[in-house]
Amino acid sequence: MVNRFRFVADHSDTYQVKRLCELVEIERSSYYALKSAEPGRAARAEDDAELAARIRVIHTEDNTYGAPRITAELNDGVAADDKVNHKRVARVMRENDIVGYRRRRRVTTTVPVPADHKVPDLLKRDFTADAPNRIDVGDITYLPIEGGANLHLATVIDCYSRKLAGWAIADHMRTDLVADALHAAAQARNGLAGAVFHSDHGSQYTSKEFTALCDRMGVTQSMGMVGTCRQQSGRIFQRRPQTRSPPEREHLARRGHMPASGVPLGHPLQHQPEGGTPGADTGPRTPTRPSTPLRWHPPRNPPPVSTSRG
């Protein structure tokens, strides 16, 4: 908009102002109002430049001063008519890149306890294995419960069969949670010696306690890159169970698709080590799905619609 007024002002000596305003689609009254205010704007610009010079003098003496303290210094011992407003001081400082010291609040989030060595990425996003008990992945998810609280579920999943080798549930997210899940997987598989365990860079997996546990079990740690969702290995195999109403759970339980307890088949809590040799995998498995999809069927003999007026 300012460029339009400037265009009219630059060509007003050659063409009529009325024609120029029609050309750039502005009102003549707006142009003349802006033109009449030019002396006032020039005077304010000079005053701001003078004020900026005074601010720089004070800021040079102490570069920690911000707009409130500089305003107090400028208004110290001056007449009421010569005092400046703190908003004007802040604007002039902002326009001239004069910044005081800002003490920012320090926020501490997760404080990991890193191990003595960096863990490489041995999988490179290839979450497959040619034999059971070779490559395992783990992650932590939450399970909402009544009252707004959450339980935390740590899992260890075999990449060959996608079977849940071990899991642990607790109301905390300490290292003990993932350690218990790894202990459960080792017990179900008669040990995890020679296996690769892949996880993210969570503080539980990077802790010295978990690293020492992996060394004792003969497990090689692997971790993905930071800042990419594709490296969340555990989430590739974990899916939050869908919440179903009690009548629907009873219907699926009768058809054999869901136990009456309400936990869907295929959920980590339903996976247990199979009979025979603990940890024996027969091959890659796919998630359990209902054999017959649920569909709504309209009634065969709908009741007749009454057309009589009561």
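The values are calculated or read from the model by the stated rules, or taken from the named source; none is laboratory data. As the structure is a computational prediction, the values presented were derived from the model and not from experiment. Note that each Cβ is placed from the backbone with ideal geometry, even for glycine, and that neighbours are counted across all protein chains shown.
Here are the numbers:
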item: Among the candidates VAL84, VAL99, residue that is in contact with a helix residue (DSSP H, G or I) (Cβ under 6 Å, 6 or more places away or on another chain) and either touching a residue at least 60 places away in the same chain (Cβ under 8 Å) or surrounded by 11 or more Cβ atoms within 10 Å (Cβ to Cβ) (or both); result: VAL84
item: Some residue of region 99-111 being at pLDDT 85 or above and either farther than 30 Å from ASP176 by Cβ or among the aliphatic types (A, V, I, L, M) (or both); result: yes
item: Filtered residue count, region 116-158, keeping only those that are under 17 Å from GLN204 (Cβ atoms), part of a loop (DSSP other than H, G, I, E, B) and either of a type in the set (A, V, I, L, M, F, W, C) or in contact with an Asp or Glu (Cβ under 9 Å, 6 or more places away or on another chain) (or both); result: 1
item: Subset of region 184-208 (residues that are basic (Lys, Arg) and surrounded by fewer than 17 Cβ atoms within 10 Å (Cβ to Cβ)); result: LYS208
item: Subset of region 1-54 [farther than 30 Å from THR71 by Cα, surrounded by 15 or more Cβ atoms within 10 Å (Cβ to Cβ) and basic (Lys, Arg)]; result: ARG4
item: Check on ARG91, part of a helix (DSSP H, G or I) and either of a type in the set (Lys, Arg) or at pLDDT 90 or above (or both); result: yes
item: Test: residue in region 164-183 that is surrounded by 15 or more Cβ atoms within 10 Å (Cβ to Cβ) and over 24 Å from ARG216 (Cα atoms); result: no
item: Positions within region 209-220 being surrounded by fewer than 16 Cβ atoms within 10 Å (Cβ to Cβ) and outside any helix (DSSP H, G or I), in sequence order; result: GLY218
